[in-house]
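Visitor: One structure is given below, represented as structure tokens, and several questions about it will come after.
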Amino acid sequence: MAAGIERIDFHGLPALRLSTAADASAVLSLYGGQLLSWVPARGRERLYLSERARFGNGPVRGGVPVCFPQFAAQGTLPRHGFARTSVWTVAEQRTGDDFALATLRLADDPQSLALWPHPFTLELTVAIDGGRLDLELEVINSGHTPFAFTSALHTYLRVAELEECRLQGLHGFEYRDALGAGEGLRRDSGDVLLFDGPIDRHYRNVERPLLLRDDGGALGIDAEGFPDVVVWNPWEDGNARIDDMAPRDFRRMLCIEAAAIHRRIALDPSETWHGRQTLVCL
Ligand SMILES: O=P(O)(O)OC[C@H]1O[C@@H](O)[C@H](O)[C@@H](O)[C@@H]1O
């Protein structure tokens with residue numbers, strides 16, 4: 001099969017389907033600039049997408065939402081910012097013998113300026129290549145005054161069974177427990193992170209890569225530019241409060257997010273920032 005990129009309709013959303021000669025594929029929605037599916041060559045679906053997701057009516061539950069210019073409720077903007085509910089445009093698409101790549105773009109408009117008074121350009125580049133996925137976010141300050149932002153690639157990984165998952169690589173790093181009371185920092189002391197209850201940890205200054213093992217094999221998770229890692233799973237009670245997730249779906253998903261949140265990124269006029277997350281099937 002030849003590599004290709006085609007425009008498709010995905011649950012009513014305009015999207016690009018990327019495919020490579022080796023049969024890796026991905027679906028990238030223009031709504032939210034959100035990757036909604038990634039199937040590596042000879043592999044299975046690696047991203048969780050809720051069967052109860054709402055498409056085009058608020059945030060889409062699953063895939064890789066882009067959080068910008070605000071992470072979660074760390075400010076006065078809508079939760080996780082407005083990029084995940086904005087319509088992006090296609091800036092570039094390219095294929096080669098063994099890869100497919102697409103770049104989506106989002107720029108300020110009257111609605112964004114009403115919420116956040118800063119001209120900006122965002123570019124999200126998604127590239128697939130055999131067993132590898134690269135996501136790169138570029139932020140450009142296209143205005144005349146400085147601005148600062150927080151951001152994350154809020155990656156929802158699909159896992160076979162959450163309690164079989166083992167996450168390595170966070171040992172010794174400090175984190176804020178977003179479920180705990182108070183603002184104190186804790187330090188991860190386990191060799192591996194296991195999942196047997198709700199978790200919402202914001203790790204700081206993590207040197208990667210991380211390694212996630214579950215029944216279905218191992219996934220290497222690397223990043224550049226994003227200093228932080230968010231690990232989130234709502235567990236049973238949290239899941240029950242999320243109306244766009246089926247009741248036991250918390251067992252099928254784990255968010256491991258490349259993030260820049262513990263300190264805001266400041267950009268002067270014309271300055272550019274890049275952050276990248278790479279997933280590799282091992
Ligand atoms: O439901 P939302 O707005 O998509 O957020 C999902 C989760 O996103 C995570 O990044 C946060 O750490 C969690 O606290 C939050 O619940």
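The values are calculated or read from the model by the stated rules, or taken from the named source; none is laboratory data. Since the structure is predicted, the reported quantities are computational estimates derived from the model, not experimental observations. Here the Cβ is made from the backbone with ideal geometry for all residues, glycine too, and neighbour counts use every protein chain on show. Protein only, heavy atoms only, side chains kept; ligands, DNA and RNA dropped before computing areas. Shrake-Rupley method; radii C 1.70, N 1.55, O 1.52, S 1.80 Å.
Visitor: Go through the stretch 61-115 and report how many residues are charged (D, E, K, R) and under 17 Å from the mean Cα position of the chain (by Cα).
Guide: The qualifying residues number 4.
Visitor: Turning to a different aspect of this structure: Do you know which residues across the stretch 136-157 are outside any loop (DSSP other than H, G, I, E, B), within 16 Å of the ligand (Cβ to nearest atom) and in contact with a Leu (Cβ under 8 Å, 6 or more places away or on another chain)?
Guide: Leu137, Phe149, Ser151, Leu153, Tyr156, Leu157
Visitor: Please specify each residue of the stretch 4-21 satisfying the condition of being under 15 Å from Leu36 (Cα atoms) and not in a strand (DSSP E or B).
Guide: His11, Gly12
Visitor: Given the condition of a type in the set (A, V, I, L, M, F, W, C), more than 22 Å from Leu36 (Cα to Cα) and away from the ligand (no atom under 11 Å from the Cβ), answer yes or no: does some residue in the stretch 245-264 qualify?
Guide: For the stretch 245-264, residues of a type in the set (A, V, I, L, M, F, W, C), more than 22 Å from Leu36 (Cα to Cα) and away from the ligand (no atom under 11 Å from the Cβ): absent.
Visitor: Shifting gears a bit: Quick one: which of Ala266, Ala258 is touching a strand residue (DSSP E or B) at 6+ places or on another chain (Cβ under 8 Å), open to solvent by less than 20 Å² (accessible area, probe 1.4 Å) and modelled with pLDDT of 95 or more?
Guide: On inspection, the qualifying residue turns out to be Ala258.
Visitor: Take the residues of the stretch 11-21 that are without any contact (Cβ under 8 Å) to a residue 60 or more places away in the chain and either over 16 Å from Leu104 (Cα atoms) or of a type in the set (Lys, Arg) (or both): which is surrounded by the most Cβ atoms within 10 Å (Cβ to Cβ)?
Guide: Among those that are without any contact (Cβ under 8 Å) to a residue 60 or more places away in the chain and either over 16 Å from Leu104 (Cα atoms) or of a type in the set (Lys, Arg) (or both), it is Arg17.
Visitor: Take the conditions within 14 Å of the ligand (Cβ to nearest atom) and of a type in the set (Asp, Glu) and apply them to Asp177. Does it pass?
Guide: Yes: the conditions hold for Asp177.
Visitor: Does any residue of the stretch 41-50 turn out to be open to solvent by 10 Å² or more (accessible area, probe 1.4 Å), within 15 Å of the ligand (Cβ to nearest atom) and more than 30 Å from Phe147 (Cα to Cα)?
Guide: yes
Visitor: Taking into account only those residues within the stretch 112-127 that are over 25 Å from Gly62 (Cβ atoms) and not in a loop (DSSP other than H, G, I, E, B), which is most open to solvent (accessible area, probe 1.4 Å)?
Guide: Per the stated criteria, the residue is Ala114.
Visitor: Could you tell me whether any residue of the stretch 180-193 is within 13 Å of the ligand (Cβ to nearest atom) and either farther than 29 Å from Leu49 by Cα or surrounded by 13 or more Cβ atoms within 10 Å (Cβ to Cβ) (or both)?
Guide: no
Visitor: Can you confirm whether the stretch 88-111 contains a residue that is part of a helix (DSSP H, G or I), more than 16 Å from the ligand (Cβ to nearest atom), open to solvent by 10 Å² or more (accessible area, probe 1.4 Å) and not charged (D, E, K, R)?
Guide: yes
For (1) part of a loop (DSSP other than H, G, I, E, B); (2) in contact with a Pro (Cβ under 6 Å, 6 or more places away or on another chain); (3) open to solvent by 30 Å² or more (accessible area, probe 1.4 Å), each residue gets a yes or a no:
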{"residue": "Ala2", "(1), (2), (3)": "yes, no, yes"}
{"residue": "Asp23", "(1), (2), (3)": "yes, no, yes"}
{"residue": "Ala26", "(1), (2), (3)": "no, no, no"}
{"residue": "Ala53", "(1), (2), (3)": "yes, no, no"}
{"residue": "Gln74", "(1), (2), (3)": "yes, no, yes"}
{"residue": "Arg79", "(1), (2), (3)": "yes, no, yes"}
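Visitor: A further question follows. If you go through the stretch 198-210 one residue at a time, do you hit one that is part of a strand (DSSP E or B), open to solvent by less than 40 Å² (accessible area, probe 1.4 Å), at pLDDT 95 or above and over 28 Å from Ser50 (Cα atoms)?
Guide: No, the stretch 198-210 contains no residue that is part of a strand (DSSP E or B), open to solvent by less than 40 Å² (accessible area, probe 1.4 Å), at pLDDT 95 or above and over 28 Å from Ser50 (Cα atoms).
Visitor: Given the structure, is Asp228 within 12 Å of the ligand (Cβ to nearest atom) and either open to solvent by 40 Å² or more (accessible area, probe 1.4 Å) or acidic (Asp, Glu) (or both)?
Guide: Yes; evaluated as a whole, the condition is true for this residue.
Visitor: Please go through the stretch 6-45 and give me each residue that is among the basic types (Lys, Arg) and within 20 Å of the chain's Cα centre (by Cα), ordered by number.
Guide: Arg17, Arg44, listed by residue number.
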